[in-house]
1. Within the set of pairs 6 or more residues apart or between chains, which connect a residue that is in contact (Cβ under 8 Å) with a residue 60 or more places away in the chain and closer than 9 Å to Ser206 by Cβ inside segment 146-157 to a residue that is among the polar types (S, T, N, Q) and part of a helix (DSSP H, G or I) with Cβ atoms less than 7 Å apart?
2. Residues of segment 109-125 being in contact with a Gly (Cβ under 9 Å, 6 or more places away or on another chain) and not β-branched (Val, Ile, Thr), which ones?
3. Applying the selection to segment 125-180, what residues are among the polar types (S, T, N, Q) and in contact with a Leu (Cβ under 7 Å, 6 or more places away or on another chain)?
4. Tell me yes or no: at least one residue of segment 81-92 is surrounded by 15 or more Cβ atoms within 10 Å (Cβ to Cβ) and within 20 Å of Thr119 (Cα to Cα).
Amino acid sequence: MNEQSIAFSHLGIFFHRVGKTINLFGLDVTYYGIVISAGMVLAGAFVLYDGCRKKQKQDDYLDVLIWGLIVGIIGARAYYVIFSWDDYRDNLISILAFRQGGLAIYGGILGGIIGAIITCRVKKLPFFDVADSVCMGLLIGQSIGRWGNFFNREAFGGYSDGVLSMQIPVDAVRSMDDVTSEMMAHLVEFDGVSFISVHPTFLYESLWNLGVFLILFFLRRKRSFFGEIWFMYMALYGVGRFWIESLRTDSLRTAFLGLRVSQMLSLILIVISAVYLIYGFSRKKGEATC
């Protein structure tokens, strides 16, 4: 074992060399970027497939994807910068340094929604019908994209010695601000290298998103109204994110009950989704009895 190793020791899984970059034609490309890109491509492919299944024009859905992605990336960066303003206030040009990291998934989702809404209005498409397909792609992208955190040794939770606990070399952690005193008090050693043992929250979220995808995949053919799948996605994703965020050590907290920013946003999305779903199902039931 060495400083490039990552282990899931209770599962008997040891990765002896997990690099962060690969050199392609003289350019260092991060595995994080590769994983995110793969997630985007597969997500887009599924959305186009689902649009075709609904006999929609693929060009229209492609336009929604392109503009949703562009505005989504802007939103992801803006969200991160806003809630990490102290890191950028004295060097505004660093806001454009995307290669140094700093994208927030909730900001990406909110930005993507704005881009998709505008495109749907221009194309005269029913937004919630399109959104029912887009959210399925989002789940694919999120489930795959979270593995970028694995390569970066980031977005992990607090100390854990559970079955799924992950061991990372202390010297390989992206930011020591994420390492707690409890982790340091429970260091483990492999071949003379000190490792922290943590909750692999990236894995939890990846598996949660995959589970939600499978549920909605089978429900989408039986939807009762436009937006049903979209709001189920937001509610179920919100529930999982609320729990997983409580385990992480790198989250921004709010003054309200000490909750994380992402937990507050999760609660808001859960409530909004629940209200819309109750309204949608009650209206459908009322129509059925007429």
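Every number here is computed from the coordinates shown, using simple stated rules; none is lab data. Note that the structure is a prediction, hence the values are computed from the model and not measured. Glycine also receives a Cβ, built like all others from the backbone with ideal geometry; neighbour counts cover every protein chain displayed.
1. Arg146/Ser206; Trp147/Ser206
2. Leu110, Gly111, Gly112, Gly115, Ala116, listed by residue number.
3. Restricting attention to segment 125-180, the residues satisfying the condition of being among the polar types (S, T, N, Q) are 133, 142-143, 149, 152, 160, 165, 167, 175, 180.
Across segment 125-180, the qualifying residue is only Ser143.
4. no
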